[in-house]
1. Among HIS257, SER220, GLN169, pick out the residue whose Cα is farthest towards the positive end of the charge dipole of the chain, where Lys and Arg carry +1 and Asp and Glu carry -1 on C-beta, about the Cα centre.
2. Calculate the FRET efficiency for THR68 and LYS319 from the Cβ-Cβ distance with a Förster distance of 22 Å, rounded to the nearest 0.05.
3. Out of VAL203, VAL328, VAL110, any idea which swings most in a Gaussian network model of the chain, alpha carbons joined below 10 Å?
4. Please list the radius of gyration and Dmax for the chain, considering alpha-carbon atoms only, with Å as the unit.
5. Hey, got a sec? Which trypsin sites (Lys or Arg not before Pro) in the range 151-236 land in a DSSP loop and have at most 14 other Cβ atoms within 10 Å?
6. Please state the charge dipole magnitude for the chain, taken about the Cα centre, from unit charges on C-beta atoms (+1 on K and R, -1 on D and E), reported in debye and rounded to the nearest 20.
7. Run lengths n ≥ 4 of DSSP H only: what is the helix-derived mean residue ellipticity at 222 nm for the chain, with -39500 (n - 2.57) per run over all residues, to the nearest 500?
8. Determine the alpha carbon to alpha carbon distance for each of LYS101/LYS297; LYS319/LYS343; LYS232/LYS343; LYS80/LYS108; LYS216/LYS355; LYS8/LYS131 and list only those over 19 Å.
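Read-outs: derived from the displayed coordinates by stated rules, not from any lab. Just so it is clear, the model here is predicted, and its values are computed rather than measured. Cβ atoms come from the backbone with ideal geometry, glycine included; neighbour counts cover every protein chain shown.
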Amino acid sequence: MKINTNLKRLIREYEFLLDDIDDVLEIHKTANQELNRAIRMAKDDDIAESEFEKDEVEEDEVETFEDTPERKVLKKLFRKIVFKCHPDRLPTGTSESEKAKMQDLYEKAVLAHDRDNWGLMVVVAIKLDIKLPKEAEDMVGRISEETDGLKNQITQLTNSFAWQWYHSQDEIQKKMVEDYLNTLKSIKERNLEELNKEKKILVIGHPRTGTGYTSKLLQSWGLDVQHEQMGKDGTSNWAYAAKESNAPLFEGKFSDHNWHTIIYCVRDPRGTIPSVAYTEDINKASLNYRLKWGKYKITDNKLTNAIRSIVSWDKLIDKINPHITFRVEDGAEDLFKELQKRKVKVLWNDEWLSKKDNTRIHDGFDKLQEESDRVLFRDRLKINAYCDKYNYNTIF
């Protein structure tokens, strides 16, 4: 393919960011280690190390990718790259500098293959002058997408508390540690009575899938389950899907309680997607929280962003293994019966079956369909799989 000036610049930026993220991660790791050491030296005995040593960047999980048609295209491109640059296949007499170049490209291709990183694979193919497959017309756009993702990751790391502390002067560092410990003590005292208490109900789901409605429904059945607050019997709180998070949006986290029954709210994506796209994604706190824990990348396409958010949150909740999945449109009777089976005391009341809660005025799904042509094939597959999983009509 012909490489224009803009693509050349994008590739240079992408490769720079790939190197830069390694340096930033190393500095961030050191900053966390030094910060934890400073906190450990300044803390009182009643604060355990486990309460503050939580900021290390976790190693990427080894992920197994589905053998989708798109993945098969990537594998085919990978084989072409390996054929051209594998160290064992280089012609006799290849210079040392050329060997080093090919070794670097081969290692990047392996990394791209293992991480399903289309952007990096395309860069390697372009550098080797390998023709890109016709089946993947959107692949070049992945370079821009991966570049934006790296920028966001670097921004998050360099804006972190540990990074700011590490690059401050001694007196400021001392004050930051003191303030942090005072905040930690205050939070600990405030939550002390609630820690590890048994709670009957936790309702989770993606934002705009009916967690507010479900709390009202459960209240009508005699349960004190509050929306985004802790009631006597539990809470309905979408942020708790990120199990290890001290949610900045709400007090506490998933592991503060022993949950008797976890209910997962799902809703037809045709209703959820426009509500997320037009009303929830403009809430920066909500969006940043979902990006951090859902680990998905945003684009300039509202439809794509909503799809990725819903699918990533579903994956996160799958790891929790909820006891009951509740379709908010038509699953109230099934939910009631499942609660009874789990020995939760509920009294049937149908006053909320025909009501709505926390509705927002926005454009509908039809308006968003104008952007459907720019939704990538893999995102189409994922939201269709979500629809199949919960018995909704597929989107694409």
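1. Among HIS257, SER220, GLN169, the one farthest towards the positive end of the dipole of the chain is SER220.
2. After rounding to 0.05, the efficiency reads 0.55.
3. Among VAL203, VAL328, VAL110, the largest GNM mean-square fluctuation belongs to VAL110.
4. 24.7, 83
5. Working: sites: LYS151, LYS174, LYS175, LYS185, LYS188, ARG190, LYS197, LYS199, LYS200, ARG208, LYS216, LYS232; in loops: ARG208, LYS232.
In loop regions of the range 151-236 (DSSP not H, G, I, E or B), the sparsely surrounded trypsin sites (Lys or Arg not before Pro) are LYS232.
6. 1180 debye
7. On the way: 14 runs with 207 residues, N = 396.
Roughly -17000 deg cm²/dmol at 222 nm, from the helical runs in the chain.
8. Numbers: LYS101/LYS297 30 Å; LYS319/LYS343 24 Å; LYS232/LYS343 17 Å; LYS80/LYS108 14 Å; LYS216/LYS355 10 Å; LYS8/LYS131 16 Å.
Those over the limit are LYS101/LYS297; LYS319/LYS343.
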